[in-house]
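A short worksheet on the structure shown next.
Values quoted throughout were computed directly from the atomic coordinates according to the rules given, and no laboratory measurement underlies them. This is a predicted model, so every value here is computed, not measured. Heads up, the Cβs are rebuilt from the backbone with ideal geometry, glycines too, and the neighbour counts pull from every protein chain shown.
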Amino acid sequence: MVEAKSEYVPGAAFPLSLDFVRTVISVSDCNLSYCRCYRRIYINPVVVREEGEIGSPTRPSPSLPFDAYMTVMIYYSRIANNGGVMLKGQDIVMLSVLMDGEAAGESYAMLAKRACISVAEAYAAVSRLRAAALVAGDRRVLKQNAMEFLAHGLRYAFPLNVRGTIAKGMPTAYAAPISKQAFAISGSIPVWQSEAGTAVGREVEPLYRTVPAAAAADCRLYDRLALVDMLRGGRLREREFARERLGEMMA
């Protein structure tokens, strides 16, 4: 293994050693090519040096063979990795809307009305879902991808936040109409705070502020959003129930 001296990088708070950079690259899966940052660093087995303009995409150095370097982005002494898609809560609401097969052919104005968001928000949500490979170009939900994300990634990306305060609203998760007969209910139930609701229980934070209004306007969307909440914070049996029911809805 070639030894490399630590070299100070402008914009970083400490010298970066080659071993440190290699560790960061391995943790970040090397997906750093189009990261937004202030500094661009090229690394080969011997040299660590600064090159390029602020915010520009990284490109191979003409003086180095392609397989002799790796690229890492530095942003205020933090390794930034923004090359992927950052989904938002309203995107999962839109995904729940699109699980209704008829919704794929509707206009953005209709999709926005279903989710109780603006047309611009609806367009942006669909764009992010496409970039994340959760929906196809024609806005059909890609079932296998969507189910994999919902079943295994949703509770980490959007964990269910139970605020604990007693509120009046709409039951969600295991207490929602679609699932309450499958589970024994005891104690305070989880609810989305809403004037339209009549249940009293522990307030939970919805995926997006418009969720209660969208659920009140569409009972089928209500079912899907409640199942999504079970995947966000339910116990194993509840998550399995939600996964099976959502899979049936997307069949």
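Look at Met147, Met170, Met86 and count the other Cβ atoms within 10 Å of each Cβ; fewest to most, that gives Met86, Met147, Met170. With each label modelled as a point 7 angstrom along the Cα→C-beta vector, the Met110-Thr165 pair spans 3.8 nm.
Taking amide H atoms as placed 1.01 Å from N in the peptide plane, the amide H of Leu160 lies under 5 Å from those of Gly233, each 5 or more residues away in sequence or on another chain.
Could you tell me which of rounded, prolate or oblate describes region 157-249, using a ≥ b ≥ c as the square roots of the eigenvalues of the alpha-carbon gyration tensor, with rounded for a/c under 1.5 and, failing that, prolate when a/b is larger than b/c and oblate otherwise?
Judged from the Cα gyration tensor, region 157-249 comes out rounded (a/c under 1.5).
When the charge dipole of region 157-249 is built from unit charges on Cβ atoms (+1 for Lys and Arg, -1 for Asp and Glu) and taken about the Cα centre, the candidate among Thr198, Ile185, Ala242 whose Cα reaches farthest toward its positive end is Ile185. Using a cut-off of 12 Å between beta-carbons, work out the net charge of the residues near Ala157 (Lys and Arg +1, Asp and Glu -1, Ala157 not included). Every neighbour counted, the sum reads +2. Residues Leu142, Leu227, Leu129 in ascending order of nearby Cβ atoms (within 10 Å, fewest first): Leu142, Leu129, Leu227. The fewest-to-most ranking of Leu225, Leu246 by surrounding Cβ atoms within 10 Å reads Leu246, Leu225.
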